[in-house]
Amino acid sequence: MPHEAGTVSYQESREVAEASRETDWTKPSFGKELFLGRLRLDLIDPWPQPDPIRAAKGDEFVKKLNAYVRSEVDGERIEREDRIPDEVFHGLARLGAFGMKIDENYGGLGLTNLDYARSLMLVGSVNPAIGALLSAHQSIGVPQPLKLFGTAEQKRRYLPRLAAGEVSAFLLTEPDVGSDPARLGTIAEPVEGGYRLNGVKLWATNGTVATLLVVMARVPKSEGRRGGITAFVVEGDSPGITIERRNGFMGLKGLENSVTRFHDVFVPADQMIGGEGRGLKIALTTLNTGRLSLPAMCVGAGKWCLNVARQWSAERVQWGRPVGDHEAIAQKLAFMAATTYGMETMLNLCCMLADDDRNDIRIEAALVKLYASEMGWKIADELVQIRGGRGYETAESLAARGERAVSTEQILRDMRINRIFEGSTEIMHLLIAREAVDAHLSVAGDIVDPKADLGRKAKAGARATAFYAKWLPGLAVGKGQNPNAFTAYGPLAHHLRFVERASRKLARSTFYGMSRWQARMEDREVFLGRIVDIGAELFAMAAVCVRANAERDARPEGMELADLFCRQAKVRAEALFTALWDNTDAVDAKAAKRILDGRYAWLEEGVVHPQGDEPWVATWQPGPSTGEDVRRRVPPPS
Ligand SMILES: Cc1cc2nc3c(=O)[nH]c(=O)nc-3n(C[C@H](O)[C@H](O)[C@H](O)COP(=O)(O)OP(=O)(O)OC[C@H]3O[C@@H](n4cnc5c(N)ncnc54)[C@H](O)[C@@H]3O)c2cc1C
């Protein structure tokens, strides 16, 4: 049955999101501690070191990949023709790039997260659509959920195919399901020997070329069956699957992104991953490390932009000086260099922590996705500004006039999506904030839960008193007030003292918010967003100080970049602290209601508005496809 919009309440959506959370914290988490006001530098210092044997293997692969993409892949052609050529699929498969994250026993390369990120950064710098292809394939596509939740038989059956170059895709989104999976309308009806899938999936990256899919579908609840959103591995060629469309976007022109229809598609029971009702938990757990691929591409973009900005700003002379000498442009260069260093540091740290598996990195990985997608976008935007009119001109047009074909406008278009997919910025704010307030909710949750009875409230009250009696006084004083603290970090010590003080202030602010708004805290999305953004700045500051200090002898300039980054981050964090209590949030929320009611609609007069009375969100009807199958079959190499 097609899903009817409006039938899922806010409460139900929230419950689905809550049920898919991982609630256990078995390993230490730097991020969680930071939000609780405790700077646990011991969790990231000593700076992690990659295992030398695995690192050597990674280096060898990255070297080969580098040689291949430089000599054989034409990024401009992908942009011009809106597709990645067949031979690039073959070349990447030959190198093993589709199996970077797959264990060696299944024919993959078994690379570390760090080397995987380096590889994505490299291919993404030639054309980001290649990065998206490889990352959708192995960060969210079939390999990662199977690695974490698949049976031995499923791994044996599918992973060698994927490592050899078959492409996979991840299908969660539907026309009516974006950020809110509770509305999922694709049904997996239990039948003899398996399930029958019916539904329509939107925007599946790799969907037009994939031969193996992870599909999220709802198994209806029934007698003795828990049902719920469930993950399946589905053969892309199964009867009843139609690729109805290849979608086109602002950027990522080479993306093979589909509308995929399932009509009575039979999926054998042994193709379910992890059990009925476990689909969203699987998706979220997969994303813990899966989320690192997107920031890898943002870091790559930062490096690319910095390189163009540096050369151009030194060369282009206006008003008697190179533009980089004018203060307004100089500031942008400083922002680009410092932020690229900051993003790279956060990413490398998260990858290495994931590789040595000592820490829980779910908060840190989410922070780096949020931070790198926002900052990467700003960097690309600043590059367009620095390049002036040439920043707005296409590479093709520049080349036709005899100038260097630098695709600045393309990088801006390609980068924009990062703030939307794999968790939009707004959703990332909520997701991270949920973890940041978890300590409060787990001790005091029932006090603020309107559904809790008096007995539960009293018990929660006692628990909360015990927790806060111990925790709150600890937030008043700390190492950051001692001018001799963190001296091992030399000139960066004062930044760590700031981070220590600010993390306690952040925890106190979260506590004030909790006491002030109680159960309504979750509606204070902008407040929570600022709490999370401060946490991201503090995490980044701590990371750059530890890294620069660890690399001090090998790369002394890192200390300068760390200092520069921390100075800029501190200004941003302080502005966010001020805005926590001095803002227009309440009036904005009231104004938005009036805007939605049409009170100011006259302001929109005087222009031609988009025409048409088609729905904003298309509904779909179950049944066989009426359109042509636009699947792209990448032929085997000749
Ligand atoms: C190029 C591209 C590739 C994609 N690849 C895949 C893929 O491979 N597989 C897949 O399953 N999906 C994919 N997607 C879908 C993508 O993950 C979604 O676009 C994303 O989850 C956001 O959903 P939505 O677009 O429906 O936005 P909506 O959920 O409609 O949101 C609209 C706006 O409201 C905000 N919003 C929503 N809920 C809240 C809230 N509670 N509080 C505050 N703000 C809120 C959002 O942040 C957004 O700004 C892709 C999309 C694109 C464009």
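The values are calculated or read from the model by the stated rules, or taken from the named source; none is laboratory data. What you are looking at is a predicted structure, and each value in this text was computed from that prediction instead of being measured. All Cβ positions, glycine included, derive from the backbone under ideal geometry; neighbour counts span all protein chains shown. Note: accessible area is taken over every heavy atom of the protein model, side chains too, but ligands, DNA and RNA are not part of it. Shrake-Rupley method; radii C 1.70, N 1.55, O 1.52, S 1.80 Å.
Residues that are under 21 Å from residue 437 (Cα atoms), at least 2 per element: which helices (runs of 4 or more DSSP H) completely within region 500-604 meet that?
525-550, 557-581
Which numbered condition trips up residue 447, out of (1) open to solvent by less than 60 Å² (accessible area, probe 1.4 Å); (2) assigned to a helix (DSSP H, G or I); (3) more than 16 Å from the ligand (Cβ to nearest atom); (4) of a type outside the set (Asp, Glu)?
So the condition that residue 447 fails would be (1).
Quick check on residue 462: is it of a type in the set (A, V, I, L, M), part of a helix (DSSP H, G or I) and farther than 30 Å from residue 376 by Cβ?
yes
Which of the following residues is buried (at least 23 other Cβ atoms within 10 Å of the Cβ) and assigned to a helix (DSSP H, G or I): 314, 328, 283, 365?
Testing whether each residue is buried (at least 23 other Cβ atoms within 10 Å of the Cβ) and assigned to a helix (DSSP H, G or I) leaves just 365.
Answer yes or no: is there a residue in region 483-496 that is open to solvent by 10 Å² or more (accessible area, probe 1.4 Å), over 23 Å from residue 572 (Cβ atoms) and part of a loop (DSSP other than H, G, I, E, B).
Yes: region 483-496 contains one or more residues that are open to solvent by 10 Å² or more (accessible area, probe 1.4 Å), over 23 Å from residue 572 (Cβ atoms) and part of a loop (DSSP other than H, G, I, E, B).
Mind checking which pairs have a first residue in region 413-432 that is open to solvent by 50 Å² or more (accessible area, probe 1.4 Å) and a second that is within 6 Å of the ligand (Cβ to nearest atom), Cβ under 6 Å, 6 or more apart or different chains?
So the pair list comes out as 427/179.
Kindly establish whether residue 114 is open to solvent by less than 30 Å² (accessible area, probe 1.4 Å) and within 18 Å of the chain's Cα centre (by Cα).
Criteria met by residue 114.
Taking residue 153 as the residue in question, decide whether it is in contact with a Ser or Thr (Cβ under 6 Å, 6 or more places away or on another chain), open to solvent by 40 Å² or more (accessible area, probe 1.4 Å) and not in a strand (DSSP E or B).
Against the criterion (in contact with a Ser or Thr (Cβ under 6 Å, 6 or more places away or on another chain), open to solvent by 40 Å² or more (accessible area, probe 1.4 Å) and not in a strand (DSSP E or B)), residue 153 does not qualify.
If I filter region 326-341 for residues that are modelled with pLDDT of 95 or more, among the aromatic types (Phe, Trp, Tyr) and farther than 26 Å from residue 495 by Cα, do I get at least one hit?
no
Filter region 523-544 down to the residues that are surrounded by 24 or more Cβ atoms within 10 Å (Cβ to Cβ) and aromatic (Phe, Trp, Tyr) and list them by number.
539
Return the only residue of 261, 246 being touching a Ser or Thr at 6+ places or on another chain (Cβ under 6 Å), open to solvent by 10 Å² or more (accessible area, probe 1.4 Å) and either within 18 Å of residue 146 (Cβ to Cβ) or within 14 Å of the ligand (Cβ to nearest atom) (or both).
246
Go through region 334-378 and count every residue that is farther than 20 Å from residue 428 by Cα and charged (D, E, K, R).
Matching residues across region 334-378 total 4.
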